[in-house]
Amino acid sequence: MSKPSVSVLMSVYNGERYLQEAVESVLQQTYTDYEFIIIDDGSKDRTWELLSSFNDPRIRLISNEKNIGLTQSLNRGIQLSRGDYLARQDADDISTSERLALQMRFLEEHPEVGVLGTWVAYIDKQGQRIGTWTTPGSPPLVSWSLLFGNCIAHPSVIVRRSLLQQGLTYRPNFLYAEDYDLWVRLDTKTQLANLTEVLYLRRVHQEMIGVKHSEQQDQTDRVVMQQAIKGVLAEEVSDSLIAKLWRSSRGHLLDSNGDVKAVASLVEDLYRAFSCKHILDKSELREVKKDAVRRLQDLAVCHAKQFQTTASRVFWQSIRLDRRLPVDACLQMMRKCLRI
């Protein structure tokens, strides 16, 4: 077989329930110049039997003697891959038929982008859509958003393989957040972006990592967030403040006026440091500033009932950050705070 352009990587452990649909969604891609590396990570069910039933020369089956986990399996797949691009696919999800074609077209037109994800639709066990994850699209906004959490859907990505030949691979000590850690490190080497359309369907069930290991994943996310923020501010931020920022970024209430003020100050400090560190044109700077303002105003609205005075100050802080905000929008947001 000649060298393919893309290597699609899938690792599966006891995934017989949804495996057939996941594999077929890759085999039915309109883009056909790829190899499909599937690693059976020591499964105990009928996974290997199902995988062996597929008769397609693009499939390369690998069997781990024992279960070594997703991170190490993916690193093994990277070493075995031959394509110039690496695409991910999970064993319980579905790629739309145009996914690879649209991502490859974008990457060929934008050589400065090294990592490309897509928007994701969540589906239930029966495959019915139950929600959508609309991630930021442009590289500056992705880079900025990574300071507040993972904003790239791991199984939807395509990565230029050359980037992972520079010693940048998944790190096993960042268990359940190995992708977020990799994106933050790659953000210093290349640009990251998302296609702003749904090209990947992610199945929600009790065995998925984000559900089964949510607490450990959240802890590791905060460690990665702390490293990303240090890279922008060039100074350490306490574990306590990182935890408050992480909570508030997910719409959770903080405990005190002081907590709200501290998070608001950190968001503004991050914006000012980020805008100085990155070379942005006017439209890119405007996009990042708009998101910083949104984060401050969301913080104000969320805490308007508990800490009215502090919430009002945070709201005015957002207006000072961007004095070009439309007056009507400012008044509407203030009324929302007062109603709460």
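Quick notes on this one:
- Charge dipole (Cα centre; +1 on Lys/Arg Cβ, -1 on Asp/Glu Cβ; no other charges) of the range 1-98 amounts to roughly 360 debye.
- Dividing the helix sum by the residues of the chain, where each DSSP H run of 4 or more adds -39500 (n - 2.57), gives a mean residue ellipticity at 222 nm of -15000 deg cm²/dmol.
- Note on Lys66: lysines with a C-alpha under 19 Å away, same-chain residues under 8 apart excluded, are Lys44.
- Rounded if a/c under 1.5, otherwise prolate or oblate - the range 3-93, Cα gyration tensor axes: oblate
- Residue-wise HN-Hα coupling along the range 53-59, computed from phi with Karplus coefficients 6.51, -1.76, 1.60 (Hz; x: Gly, Pro): 7, 7, 10, 9, x, 7, 7
- Scattering from the range 6-208 was approximated by placing one identical point on each alpha carbon and applying the Debye formula without solvent; log10 I(q)/I(0) at 0.13 1/Å stands at -0.66.
- Helix 327-339 vs. the chain, principal-axis angle (Cα, 0 to 90°, nearest 10): 90 degrees
- In loop segments of the range 181-262 as defined by DSSP, the GluC sites (Glu not before Pro) with at most 13 further C-beta atoms inside 10 Å of their C-beta are Glu207, Glu235, Glu236.
- Between the helical axis of 239-249 and the longest alpha-carbon principal axis of the chain there is an angle of about 90 degrees.
- Helix axis angle, 308-321 relative to the chain longest principal axis, alpha carbon, degrees: 80 degrees
- Average Cα contact separation per residue, the chain, under 8 Å, 6 or more apart, as relative contact order %: 15 percent
- Principal axis box of the chain, alpha-carbon based, largest edge first, Å: 65, 39, 36
- Candidates per GluC sites (Glu not before Pro) in the range 26-84, loop by DSSP, up to 12 other Cβ within 10 Å: Glu65
- For the range 218-258, applying the loop criterion from DSSP together with a ceiling of 12 other beta carbons within 10 Å to the trypsin sites (Lys or Arg not before Pro) yields Arg250.
- Taken about its Cα centre, the range 261-302 carries a charge dipole of about 80 debye when Lys and Arg each add +1 at the Cβ and Asp and Glu each add -1 at the Cβ.
- The range 96-218 shape via C-alpha gyration tensor axes, a/c threshold 1.5: oblate
Any read-out appearing in this document is the output of simple, stated calculations on the displayed coordinates, not a laboratory observation. The structure presented is a predicted model; accordingly, all values stated were derived computationally and were not measured. Note: ideal-geometry Cβ built from the backbone for every residue, glycine included; neighbour counts use all protein chains shown.
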